[in-house]
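Here's the structure we're looking at; comments come further down.
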Amino acid sequence: MSEHSDSPPPPNGASAPAQRTLMKRVAVIDGIGVLFFLGLAAVWFAADALLLVFACILCAVLFYELSRMLAQRFHFKRKRALALVVLLLIAVIGLGGWAMAPQIAEQSTKLAEAVPKSLQQLQSFVNEYPLLKRLMAGMPEPEQIVKQMSSMVPNAGLFFGGVVGALGNVVIILFVGIYFAASPRLYTNGIIKLVPQSKRPRAREVQQKIGETLGSWLLGKAMSMLIVGIVTSVGLSVLGVPLALILGIIAGLLDFVPYLGPIMAGVPAVLIAFSISPDLALYTVLLFVGVQLVEGYVLQPLIESRAVDLPPALTIVMQLIFGTIFGFAGVALATPLAAVIKVLVQMLYVEDVLGDRIEEKKET
């Protein structure tokens, strides 16, 4: 008999090297699965920090785009243009704060007092009409509504810790955004180095496309927020609605959140107007509807023509999903996050995996 006949055959008819290869593959798959769930756990428990980092990136992209445009226009070095942008921002905030801070603080205090009173007046008005009373039967009490509105800030993800935490986050976003914008290649190259060498050119293309998309969207949105804030404040003043300045500021800030933001901004304005007269409340509603129609049919198409075109249904669904998971901060950052996800899906999956070509602009 030969020597080979003494060794038992490998189980299941497979050779020992094949079994070792199979075990390695199983171990790799198990390791990837464990890393995936650990990553999900990290995202879940560090959601506030990750959203804060994304907000810093958005601030950096905005600073970078502004400094790039200024450098091209006046033939500056980009870092010098960035310093000029920061100085102009400090000057505008400083002068605006010095001139308007007393009025804003006074109107903010009055707004906090006026909203509960307006809700009580609305409830009294509804109780006078049986049909309205039945329709509003499921609405919570005014005290509960005010409590829910006030609880949005401490539970709002980025805005944890109340006013002090919000101010601290704003400082972090500004400073980290400036550092990112000052030396973007230092950070982008570090991310590219994590990608295999053969894929790095494509990774740079994706990274550049994301930066261009966010930059165009942020520039357009900043202009839209400024216009909405000014027009709303002036319109409310003309109508005779009290606290027009602070209500206009709220409308401008919440315009960052498409579709849901204008509704959230319009509620306190309509309530305050209703405390004076139902007719004034109706005119206030018409003002907000008019502003949003102009934004939706004039400003928004201009933004989408230079940035990513996000379908309204997709934007609202993303706001609901991120709002449910991350709170108000998720709602606020849902649109830029959706823009990033759309770019990644189009370039890495639709183009690279499926081989389909994405048209840059669609004919209307």
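The values are calculated or read from the model by the stated rules, or taken from the named source; none is laboratory data. Please read these numbers as outputs of a predicted model, since none were measured by experiment. Here the Cβ is made from the backbone with ideal geometry for all residues, glycine too, and neighbour counts use every protein chain on show.
Odds and ends about this structure:
- Any hit, the stretch 283-304, residues being surrounded by 19 or more Cβ atoms within 10 Å (Cβ to Cβ) and small (Gly, Ala, Ser): no
- For residue 93: the one exception among (1) in a helix (DSSP H, G or I); (2) surrounded by fewer than 14 Cβ atoms within 10 Å (Cβ to Cβ); (3) at pLDDT below 70: (3)
- Residue within the stretch 251-259 that is free of Cβ contacts under 8 Å to residues at least 12 places away in the same chain and either more than 27 Å from residue 123 (Cβ to Cβ) or of a type outside the set (S, T, N, Q) (or both) present: yes
- Long-range neighbours under 6 Å by Cβ, at least six apart or interchain, first residue closer than 20 Å to residue 229 by Cβ within the stretch 299-313, second modelled with pLDDT of 65 or more and surrounded by 13 or more Cβ atoms within 10 Å (Cβ to Cβ): 299/224; 303/220
- Residue list for the stretch 178-227, restricted to those being part of a helix (DSSP H, G or I), of a type in the set (Val, Ile, Thr) and either in contact with a Leu (Cβ under 7 Å, 6 or more places away or on another chain) or surrounded by fewer than 18 Cβ atoms within 10 Å (Cβ to Cβ) (or both): 188, 191, 192, 206, 227
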